[in-house]
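Reading through the structure tokens given below for one structure.
Any read-out appearing in this document is the output of simple, stated calculations on the displayed coordinates, not a laboratory observation. Owing to the predicted nature of the structure, the values given are computational and were not obtained by experimental measurement. Backbone-built Cβ (ideal geometry, glycine too); neighbour counts: all protein chains shown.
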Amino acid sequence: MMKLKKTTVAGLLIFLCSGSVAAAPIFWTDWTGTDQDPGTGFIGQGTITTSGSTVGVNYTNTNGIGFYQSSGGTDYYQNGGAGRDDSISPYTSDVVDNSPTGTDIIALSVAGSQLLEFTESIANPVFAFVSLNGNGYSFLNQDFNILSVGGVDGNACGYWGCGGVTKNVVDLGGGDFRYELNSSNVGGTEPHGVIQFTGAFDTLTWDSTSNEFWNGFTVGVQGTEDEVFPDDPNVVPEPSSLLLIGLGLVGLARTRRKS
């Protein structure tokens, strides 16, 4: 369940027309520590430090994960495995000014439900995905923007290579729609990139739909709700919920490539 607390007409127009908007810094999660779940599941914790706030992030996956990298290790956000250049990064765009901070990543390997909780409502969250392949994201009654993909619009390929993505909209009837982000395998089989939702959120839950060797993600925000959507007459409360059916974040790169 992704809880959409409020949004603005202006904010929606900005992100629907992202090509004409100047890039802004994204505040990425600093994942810390080790697994806090004493059982077979996984609990990870981190912080997001914005221009004026420090927001705690708690991630829970009762099924366990592939691995958790909270300090050091391989930089999977490199351009084609050859260093960083944010001017052509698969994680930057007309909206996102900077690629994920550091090397922090959560690698998924088991299908099932997951939960992100924020200690303060955050605004316009972004997901950076590593090696999306053969699967994807699916959202109930919540559209999203594909901000950037490696190998597209002058972006460098991601760490494992290039690949395209598509957005499909499925009419479920009764006024419900499912918005899907899928790997297209056009231009390669290893999509890397960023999608973004518009609004204010304090929880995100989703299902990873496939068992994989591993596929990775991290999350960032434009700011807190109060920083991005300050109280004014244009803010329209819109309490609703959406289901992140499948984060996917699927990486089908062969084991020998990811060892």
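Just to be sure I understand: if I project the alpha-carbon convex hull of segment 170-232 onto a plane and average over all orientations, what area do I get in nm²?
Its Cα hull, projected and averaged over all orientations, spans 7.3 nm².
Would you list 132, 108, 115, 181 from fewest to most Cβ contacts within 10 Å?
If I rank by nearby Cβ atoms, fewest first, I get 115, 181, 108, 132.
At 0.36 nm per residue, and after removing the present C-alpha to C-alpha distance, how many nm does the segment from residue 24 to residue 101 gain when stretched out fully?
26.3 nm
In nanometres, what is the gap between the two model label sites at residue 141 and residue 71, each 7 Å from Cα along Cα-to-Cβ?
It is 4.4 nm.
Within a 10 angstrom radius of the beta carbon, how do 227, 190 rank from fewest other beta carbons to most? Mind dumping the intermediate values first?
Working: 227 17, 190 24.
Exposure proxy ranking, most exposed first: 227, 190.
For the pair residue 111 and residue 226, what calculated FRET efficiency results from E = 1/(1 + (r/R0)^6), where r is the Cβ-Cβ distance and R0 = 35 Å, to the nearest 0.05?
After rounding, the FRET efficiency stands at 0.45.
Over segment 53-131, what portion of Cα pair distances is larger than 17 Å, expressed as a whole percent?
57 percent
Based on Cα coordinates alone, diagonalise the gyration tensor for segment 65-196, multiply each eigenvalue by 5, take square roots, and list the semi-axes in whole Å, largest first.
Working from the Cα gyration tensor, I get semi-axes of 24, 19, 15 Å.
Report the Cα-based extents of segment 16-99 along its three principal axes, largest first, to the nearest Å.
That gives 47, 33, 23 Å along the principal axes, largest extent first.
What is the sum of charges around residue 120, taking Lys and Arg as +1, Asp and Glu as -1, for the other residues whose C-beta is under 9 Å from the C-beta of residue 120?
Values: positive: none; negative: 202, 225, 226.
Residues near residue 120 contribute -3 overall.
Just subtract the alpha-carbon distance of residue 120 and residue 88 from 0.36 nm times their residue separation and send over the number in nm, one decimal.
Working: separation 32, 0.36 × 32 = 11.52 nm, distance 3.19 nm.
Net length gain for the segment: 8.3 nm.
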